[in-house]
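Trainee: Below is one structure. I have some questions about it.
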Amino acid sequence: MSKLTVRLGKLELRNPTILASGILCSGSLLKRAAIESGAGAVVTKSLTMDERGGYPTPVIVGVNEGLVNAVGLANQGYEGFLSQELSLAKGGKIPVFVSVAGSDSKEFRKICVRAEEAGADAVELNLSCPHVKKHGLEMGADPITVRKLVKEVKGTLKIPVHVKLGLSDSLKDSAIAAQDSGADAVVAINTIRAMAIDVHARKPVLSHVYGGLSGPAIHPIALRCVHELYEHLSIPIVGCGGVEDWQGAIRFMLAGATSVQIGSAVATRGVEIFGRVAKGIERYLDAQGFKNLDEVIGSVHR
Ligand SMILES: Cc1cc2nc3c(=O)[nH]c(=O)nc-3n(C[C@H](O)[C@H](O)[C@H](O)COP(=O)(O)O)c2cc1C
């Protein structure tokens with residue numbers, strides 16, 4: 001067991017870096033994130049019941065310190081991905097978490113059951129997409145809905161259930177509802193609703209007008225969310241938002257995250273980011289004289 005090994009509930013990760021959902025979508029790209037770049041685990045694109053073409057282009061734009069995207073949950077539908085791509089992703093020999101985006105508790109349950117049967121190591125319930133109606137943020141921002149969904153899914157699965165929440169006034173209450181209903185971990189946060197405007201065209205850049213902001217611009221907000229959740233939860237928290245280097249990952253862990261997801265930086269800095277961040281964390285542990293990451297996690301609260 002190396003210094004970088006972390007336990008995420010029942011799962012053991014070789015290091016705390018995880019590929020965030022929606023960034024690399026095919027099974028072979030997920031495998032590459034594991035083998036060539038050293039991620040500790042990978043999350044699939046969010047899967048819906050039926051194939052979704054997503055919104056017309058443009059669906060993503062670079063802004064100061066981040067990206068705004070409204071891809072529209074484009075994916076091939078759960079059955080296609082789980083029967084054709086998941087086994088390729090598993091070839092990376094690290095845990096593969098299947099992200100699920102249903103529109104009601106029945107859909108969540110159905111996709112999750114199939115994901116477990118197909119070999120997922122955990123499911124991540126996406127209750128936080130900010131730009132697709134009925135598939136996200138409005139579910140995660142309502143603690144009663146969160147409770148119902150998590151209970152429904154937990155009642156039928158053996159693999160861990162992670163719940164991904166977004167920025168809302170009820171983040172804390174929704175996270176507590178997820179924990180009370182048996183969630184194994186909470187992931188915080190998804191992108192934050194935003195937009196970009198082209199001054200020459202005098203028009204919104206994205207076809208969908210509003211999208212979700214990711215990257216360094218949201219990091220301090222995500223950090224605050226993790227810090228606050230740590231005060232109220234006993235299950236592991238996975239930090240997500242704007243990690244571009246080892247310092248970002250360590251900040252999340254000091255605030256209370258057990259592991260850290262990386263999304264936009266894979267696009268802006270290359271897939272090698274996982275290995276670089278893991279190496280930086282290892283050097284930090286050595287320089288600070290820490291034996292393992294347990295000594296770091298949540299230590300800003302002590
Ligand atoms: C192009 C793009 C597509 C995304 N698709 C998904 C998705 O399908 N499901 C999901 O839960 N999050 C999705 N996200 C959100 C990321 O997983 C992550 O929560 C967010 O980008 C913040 O992390 P980052 O700043 O490291 O990118 C997407 C983000 C981007 C930029």
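No value in this document is a laboratory result; all are computed from the given coordinates. Computed from a predicted model, the values in this text were never measured in an experiment. Glycine also receives a Cβ, built like all others from the backbone with ideal geometry; neighbour counts cover every protein chain displayed.
Trainee: Starting from the Cα-Cα distance between Glu79 and Ser207, subtract it from 0.36 nm times their residue separation and give me the gain in nm to one decimal.
Mentor: Numbers: separation 128, 0.36 × 128 = 46.08 nm, distance 2.81 nm.
Between Glu79 and Ser207, full extension yields an extra 43.3 nm.
Trainee: Based on the Cβ-Cβ distance from Arg302 to Asp180, what FRET efficiency comes out when R0 is 22 Å, to the nearest 0.05? Write out the running numbers ahead of the final one.
Mentor: Numbers: r = 25 Å, r/R0 = 1.16.
For R0 = 22 Å, the calculated efficiency reads 0.30.
Trainee: Which three extents, in whole angstrom, do the alpha-carbon atoms of region 49-131 cover along their principal axes, largest first?
Mentor: In descending order, the Cα extents are 40, 30, 20 Å.
Trainee: Whose amide H sits under 5 Å from the amide H of Ala196, counting only residues 5 or more places off or on another chain, with H placed in the peptide plane?
Mentor: Val205, Leu206
Trainee: Another question about this same structure. As a footprinting exposure proxy, order Phe290, Phe97 by other Cβ within 10 Å, with the fewest listed first.
Mentor: Numbers: Phe290 14, Phe97 29.
If I rank by nearby Cβ atoms, fewest first, I get Phe290, Phe97.
Trainee: Please give me the summed charge of the neighbours of Lys90: other residues whose Cβ is under 12 Å from its Cβ, Lys and Arg +1, Asp and Glu -1.
Mentor: Once positives and negatives cancel, what remains is 0.
Trainee: Now a separate question. Report D for region 1-100 in µm² per second (integer): Stokes-Einstein, Kirkwood Rh on Cα pairs, 10 °C, 1.306 mPa s.
Mentor: On the way: Rh = 14.6 Å.
Rounded to a whole number, D works out at 109 µm²/s.
Trainee: Can you run the Rg to Rh ratio on region 6-301? Use alpha carbon positions and the Kirkwood inverse-distance Rh.
Mentor: On the way: Rg = 17.6 Å, Rh = 18.7 Å.
Expressed as Rg/Rh, it is 0.94.
Trainee: Give the residues of region 1-30 whose amide nitrogen is closer than 18 Å to a point set 7 Å from the Cα of Lys291 in the direction of its Cβ.
Mentor: Within reach of a label on Lys291, which here means backbone N under 18 Å from a point 7 Å along Cα→Cβ, region 1-30 contributes 1-7.
Trainee: Along each of the three principal axes of the Cα atoms of region 234-278, give the extent in whole Å, ordering the values from largest to smallest.
Mentor: Ordered largest first, region 234-278 gives principal extents of 34, 14, 14 Å.
Trainee: Ignoring everything except DSSP H segments at least 4 long, calculate the 222 nm mean residue ellipticity for the chain; use -39,500 (n - 2.57) per segment, divide by total residues, nearest 500.
Mentor: Numbers: 11 runs with 105 residues, N = 302.
Rounded to the nearest 500, it is -10000 deg cm²/dmol.
Trainee: Here's another thing I want to ask about it. Give the residues of region 37-61 whose amide nitrogen is closer than 20 Å to a point set 7 Å from the Cα of Ile197 in the direction of its Cβ.
Mentor: 58-61
Trainee: Evaluate E = 1/(1 + (r/R0)^6) for Asp104 and Ile35, where r is the Cβ-Cβ distance and R0 equals 51 Å; express this FRET efficiency to the nearest 0.05.
Mentor: Computed FRET efficiency for Asp104 and Ile35: 0.90.
Trainee: Straight-line reach from Lys148: which lysines have a Cα under 27 Å away, not including same-chain ones fewer than 8 places off?
Mentor: Partners found: Lys10, Lys45, Lys106, Lys110, Lys133, Lys134, Lys158, Lys164, Lys172.
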